[in-house]
1. Which aspartates and glutamates have a Cα less than 15 Å from the Cα of A:Lys123, not counting those fewer than 8 places away in the same chain?
2. Through the Karplus equation 6.51 cos²θ - 1.76 cosθ + 1.60, θ set to phi - 60°, convert the phi angles of region A:89-99 into ³J(HN,Hα) values in whole Hz; use x for Gly and Pro.
3. Amide H neighbours of B:Arg103 under 5 Å, counting only residues 5+ apart in sequence or on other chains, H built in-plane at 1.01 Å?
4. Per-residue Cβ counts within 10 Å, from other chains only, averaged over B:170-180: what number is that?
5. In peptide B:54-64, how many Cβ atoms from other protein chains are near each Cβ within 10 Å, on average?
6. With a point put 7 Å past each Cα toward its Cβ, work out how far B:Leu54 is from B:Leu69 in nm, to one decimal.
7. Build a GNM of chain A with springs between Cα atoms under 10 Å: which of A:Ser151, A:Ser43, A:Ser81 gets the top mean-square fluctuation?
8. For chain A, modelled as a Gaussian network with Cα springs under 10 Å, which listed residue fluctuates most, A:Trp107, A:Trp61, A:Trp53?
Amino acid sequence: MKSSNVSGQAYGFLAMTPIKPGQEAGLRAYLEDLRDPGPSPMSRVPGTHMARWVIVERFNWDPFYDQPEPDALALPMLIFSTCFDGGLDGYLDALCVELAAEAPFIWGRCIGCPDPAAGPALKAYLEHNQIDCGFFFAAYGQATLERVRASLDQRDRLIAFATRTQGLPPAEIQRAFALEFPR
Amino acid sequence: MGQLTGRGRVRILAAVSTAPPAGPITATGTSSRNVDGQAIAITVFSTIKWWGRLYLPVLFFLAKRVPWLTETLRKLSFIHFARWALVKEIPYNGPPQPRQTMRYAHMYFESNFNGGWEEYIDAFSHIMTPNMKVFFGSSYGFPGPLPVGPFKDYIHANETEASHYYSAYPDATITMVAGALALDDRLAPLRRDAAELDPTAFAAAYRRLLTDAQRWL
């Protein structure tokens, strides 16, 4: 595990894969429609805090920049970036299982992706195309997704509890507290 | 054993009244594809001058190991995750991908934040002025963080829209997450001890909890 990809217990993974000629439009449409049938498929990959797919067609160049020449990408690239809990190895194992339905339509449109786009071969492909972070910042990198969600839920419950129990005798509040927030 | 009245009651009401509104979405100023609930994705590539190849790895090394260099980033309290990467070459996957030697290195920057896109860049420019110079100073075309107008134009020009963006807790701002985690730490002792306290002691501990918790609710 390269420490530059890690902040606390959080890992930042970034991969750039070249899109097959003629596949960019189909890939873009597929990714943009991913939410239509329901939640993001990334919600199935345990420990994922935030993730994105981005298609980069070119590096920007402006004649007013002092950059002597443009730098062209030979092919549009698919960027996959995810921030998650724990180590890369186990995460990619889970990702390659959980995204088995989507992967052929995503990385399957990229050069070099194994066919079928699944399992250890897909994992190796993503690892091969990983770009190490220079610096990865996580505001609460020590907190796992499970803890973040539980803490947010607890916060909401405490607000509701405080409202609900206003004015009750302490003994009643205590009993209700023990039920609402068991040790 | 009396009721929780007087100071205790006032504190409870104060705590509840400071609870954030449940729903207003603050994510504004960018394409809807860069947004998931409160969270916004920004993805930027900038082309690096020759000396940036040498300088940026040193900067990244120091940023990781010298916490005060990124203290402002933490204090801004609206960034969940951010990353910088120096892309010197594109991984090769065989034909039909041409082997490509890039003329320049490129810096990849992404952020996952909440609030408005405009306000985010404003804050970066005005509060993190030195940091922006440090991180983007080796990028071609970087106009400097101030005035903010040209800097926003620069980010816009170099930004790429996400095709799909996901947040596991889209309703939560970074302030809510940080507050919830702090509250968890603060609540844990009372959860542990509540059943063993007599009601008066519990009431006192509960009041203290709510007083402390006001800033996190």
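1. Candidates past the 8-residue exclusion: A:Asp89, A:Asp93, A:Glu98, A:Glu102, A:Asp115.
2. Whole-Hz 3J(HN,Hα) from phi for region A:89-99: 4, x, 5, 5, 4, 5, 4, 5, 7, 5, 9.
3. Amide H neighbours of B:Arg103: none.
4. Numbers: counts 2, 2, 5, 0, 2, 0, 5, 9, 5, 3, 13.
Mean shielding count: 4.
5. On the way: counts 0, 0, 2, 3, 0, 2, 6, 3, 1, 5, 9.
Rounded to a whole number, the mean comes out at 3.
6. The two pseudo-label positions are separated by 1.7 nm.
7. A:Ser151
8. Maximum fluctuation in the GNM of chain A, among the listed residues, is at A:Trp61.
Values quoted throughout were computed directly from the atomic coordinates according to the rules given, and no laboratory measurement underlies them. Since the structure is predicted, the reported quantities are computational estimates derived from the model, not experimental observations. Note: ideal-geometry Cβ built from the backbone for every residue, glycine included; neighbour counts use all protein chains shown.
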